[in-house]
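Undergrad: For reference, the structure I am asking about is given below.
Computed from the coordinates by the stated procedures, all read-outs in this text should not be read as laboratory data. Nothing here was measured: the structure is a model prediction, and the numbers come from that model. Cβ coordinates were reconstructed from backbone atoms using ideal geometry, including for glycine residues, and neighbour counts include every protein chain displayed.
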Amino acid sequence: MKLRQLTRRVTQLAEPHFAASGLKTTQYALLSHVVKLGPLSPGTLARRMELDASTLTRNLQPLVAGGWVEQLPGEDGRSRLVQATPAGIAKRAEMQADWKRAQLSINATLGDERVLRLHALLDECMALMR
């Protein structure tokens, strides 16, 4: 419960930095992964982001509708690939400054030392839970 409260609060503090972009922090994170990793299958993307398939599909929809991500045919008729469009690559580049401002704001609130400890603890917990 405490972890959910913290993540909601971090989102509340970060979202205003993204307001002008029209994307939420979760959508920016997804777009960033697609830009960095794509083209790739939705299943691979879900595993890399540690998301379930239905969450990934739901979160991809606005990015596809916005023209930032496209779905392409895969190796066979049943598979598909996801990749960023040129507009998506530009959108991510535009939003990187927003992300940096949000991160610096949260770091200033928590303090750099605490943020480093939090990252280390989160990495440790994620490794133990895999």
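Undergrad: Could you give the DSSP H helices of the chain that reach 15 angstrom or more along their long axis (alpha carbon positions) and whose average Kyte-Doolittle hydropathy is no lower than -0.5? Spell out each step's value before the answer.
TA: On the way: long enough: 2-18 (24 Å, -0.82); 25-37 (18 Å, 0.58); 53-65 (18 Å, 0.30); 86-110 (36 Å, -0.38); 112-129 (25 Å, 0.38).
What comes out of the filter, once short or polar helices are dropped, is 25-37, 53-65, 86-110, 112-129.
Undergrad: When Leu45, Leu121, Leu51, Leu128 are ordered from fewest to most other Cβ atoms inside 10 Å of their Cβ, what list results? Spell out each step's value before the answer.
TA: Numbers: Leu45 21, Leu121 10, Leu51 18, Leu128 7.
With the fewest neighbours first, Leu45, Leu121, Leu51, Leu128 line up as Leu128, Leu121, Leu51, Leu45.
Undergrad: I'm a student and want to see the number: the projected area of the Cα convex hull of the chain, averaged over all directions, in nm². Walk me through the intermediate numbers first.
TA: Values: hull surface 35.6 nm².
Mean orientational projected area (the chain, Cα hull): 8.9 nm².
Undergrad: Between Gly74 and residues 5 or more places away or on another chain, which pairs have amide H atoms under 5 Å apart, with H built 1.01 Å from N, and which residues are they?
TA: Amide H neighbours of Gly74, under 5 Å, 5+ apart: Ser79, Arg80, Leu81.
Undergrad: Using a cut-off of 16 Å between alpha-carbon atoms, which lysines can reach Lys36, once sequence neighbours fewer than 8 places away in the same chain are excluded?
TA: By straight Cα distance, Lys36 reaches Lys91.
Undergrad: If we count other beta carbons within 10 Å of each Cβ, what is the order of Met49, Met126, Met95, fewest first?
TA: Details: Met49 17, Met126 10, Met95 22.
Least crowded to most crowded, the residues run Met126, Met49, Met95.
Undergrad: For the stretch 1-59, would you read off the P(r) tail past 12 Å as a percentage of all alpha carbon pairs?
TA: I get 71 percent for the Cα pairs in the stretch 1-59 exceeding 12 Å.
Undergrad: Turning to a different aspect of this structure: Averaging over all projection directions, find the projected area of the Cα convex hull of the stretch 73-116 and quote it in nm² with one decimal place. Could you put the intermediate results ahead of the total?
TA: Details: hull surface 20.6 nm².
Spelled out: convex hull of the Cα atoms, projected over all directions, averaged, 5.2 nm².
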